[in-house]
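Written below as structure tokens is the structure these notes are about.
The values are calculated or read from the model by the stated rules, or taken from the named source; none is laboratory data. All of these numbers come straight from a predicted model, not from anything done at the bench. Virtual Cβ from ideal backbone geometry, glycine too; neighbours counted across all protein chains shown. Accessible surface areas use protein heavy atoms only, side chains included; no ligands, DNA or RNA. Shrake-Rupley method; radii C 1.70, N 1.55, O 1.52, S 1.80 Å.
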Amino acid sequence: MQSIKVADYLNHRPVTFTVEMRIESAVEKLLQSAQSGGPVIDSNKRVVGFLSEQDCLRKMLEATYQNESHSVVGDVMSANPVCVSPNDSIVQIADKMTIDKPKVYPVVDDDGRLMGVISRANVLLAIDKHLHDAYTSGHRYV
């Protein structure tokens, strides 16, 4: 199972954000995408942060109390997101996901440029497919 790589299961077209994007626009993008968060990228597609539903919820709740919002993504994002490599093992990522909080990890190349994201659902799919394939091939000879 160590041979199953992130590259084979990542989402190549994730929702992304920019630092200067207004938080209301970011929330709309998140809701339309059905992702729980996404990478914040610069003009060179390098990952500079991560914006989660939780980050947005906190800021939107604060805005309702104040009856206004002037926030941008850069104000609420996590600045040093945990990123993974496309060559990382799905098993390693699954282990991380059982301990660490992020549900979605940006997948970056050696230069820190975004290639996609890998979510818990992507990891579950990879493991399920592998186990199903192993079960099927193991019972062929019965």
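Laid out as a table, the results:
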quantity	calculated
Test: Val91 is within 20 Å of Asp8 (Cα to Cα), modelled with pLDDT under 95 and part of a helix (DSSP H, G or I)	yes
When residues of the range 2-53 are limited to those that are of a type in the set (Phe, Trp, Tyr) and outside any loop (DSSP other than H, G, I, E, B), the one farthest from Gln92 (Cα to Cα)	Phe17
Within the range 33-45, tally of residues that are surrounded by 15 or more Cβ atoms within 10 Å (Cβ to Cβ) and in contact (Cβ under 8 Å) with a residue 24 or more places away in the chain	8
Residue, modelled with the highest pLDDT, within the range 94-142, restricted to residues that are part of a loop (DSSP other than H, G, I, E, B) and basic (Lys, Arg)	Lys103
Contacts under 8 angstrom Cβ, first residue in the range 85-103 being in contact (Cβ under 8 Å) with a residue 24 or more places away in the chain and open to solvent by less than 60 Å² (accessible area, probe 1.4 Å), partner in a loop (DSSP other than H, G, I, E, B) and hydroxyl-bearing (Ser, Thr, Tyr), 6 or more apart	Ser89/Ser3; Ile90/Tyr9
Positions within the range 104-115 being of a type in the set (A, V, I, L, M) and open to solvent by 50 Å² or more (accessible area, probe 1.4 Å), in sequence order	Met115
Complete set of residues in the range 58-77 that are within 23 Å of Ile118 (Cβ to Cβ) and open to solvent by 90 Å² or more (accessible area, probe 1.4 Å)	none
